[in-house]
Amino acid sequence: MKVAIYARVSTEKQLTENQTVELIEYVNNHTNWELYKTYTDTITGKSDKRKGLDELLQDARKRKFNHVVFWKVDRLARDSLVFFQVLHEWENLGITYSVASLGVDTNTSHGKFVVGLLEQVAELERKEIIEKTNLALKRIKGNIEKKGYHITRDGKKITKLGRPKGSKDEKKRRKSGYYQRWSK
């Protein structure tokens, strides 16, 4: 069976190699598996536009492999919609998948159930991170409104929220694409 590996990390500070080394070993431990290719991304799991994932899906449609292995459920996606769209497409193509860190194989209905359940946990975790971030931003905004400033953990004094202006911020940004589609 030809097997593809997918590994993803969220930031440049992390290495996909930490996952790929383990995933290659996982594939090599299965006697009837042959490694086809390794696909990697360094981007948030929330995004459904990922170069490595897109290439993986294109090769899947061409039926270049028949099994995919990834390290954890949240490495494939942190958004249930994206996650289940990918899995649904693989299922329609006859491609199975395994979550290596759990030893879960989706050739069984119980395996599919466990993976689906874990994806819901991953999405919950992402939403909790967003809630915590929004709570901290609300507190900082309150400090700025009340005192006129906020002192960060590293001792910097800030007077407004948001990222610092960059060179591209001199011009007014054009509202297009996503904004126009969803603002109506």
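Quick notes
- Residues of region 19-57 satisfying the condition of being modelled with pLDDT under 90 and either under 24 Å from Ile129 (Cβ atoms) or hydrophobic (A, V, I, L, M, F, W, C) (or both): Ile43, Thr44, Gly45, Lys46, Ser47, Asp48, Lys49, Arg50
- Scanning region 55-72 for residues that are assigned to a loop (DSSP other than H, G, I, E, B) and touching a strand residue (DSSP E or B) at 6+ places or on another chain (Cβ under 8 Å) turns up Lys64, Phe65, Asn66, Trp71, Lys72.
- Residue match in region 73-85 (condition: within 25 Å of Asn28 (Cα to Cα), in a loop (DSSP other than H, G, I, E, B) and at pLDDT 85 or above): no
- Filtering region 10-23 to residues that are surrounded by 15 or more Cβ atoms within 10 Å (Cβ to Cβ) and without any contact (Cβ under 8 Å) to a residue 40 or more places away in the chain leaves Ser10, Thr16, Thr20.
- The set of residues in region 15-34 that are in contact with a strand residue (DSSP E or B) (Cβ under 7 Å, 6 or more places away or on another chain) and not aliphatic (A, V, I, L, M) comprises Thr16, Gln19, Thr20, Tyr26, Trp33, Glu34.
- Within region 50-78, residues that are farther than 16 Å from Met1 by Cβ sit with their Cβ atoms under 6 Å from residues that are of a type outside the set (A, V, I, L, M) and assigned to a loop (DSSP other than H, G, I, E, B), at 6+ positions apart or across chains, in these pairs: Trp71/Ser101; Lys72/Ser101; Asp74/Gly45; Ala77/Gly45; Arg78/Gly45; Arg78/Lys46.
The values are calculated or read from the model by the stated rules, or taken from the named source; none is laboratory data. Here the structure is a predicted model, which means the values were calculated and not measured. Cβ atoms come from the backbone with ideal geometry, glycine included; neighbour counts cover every protein chain shown.
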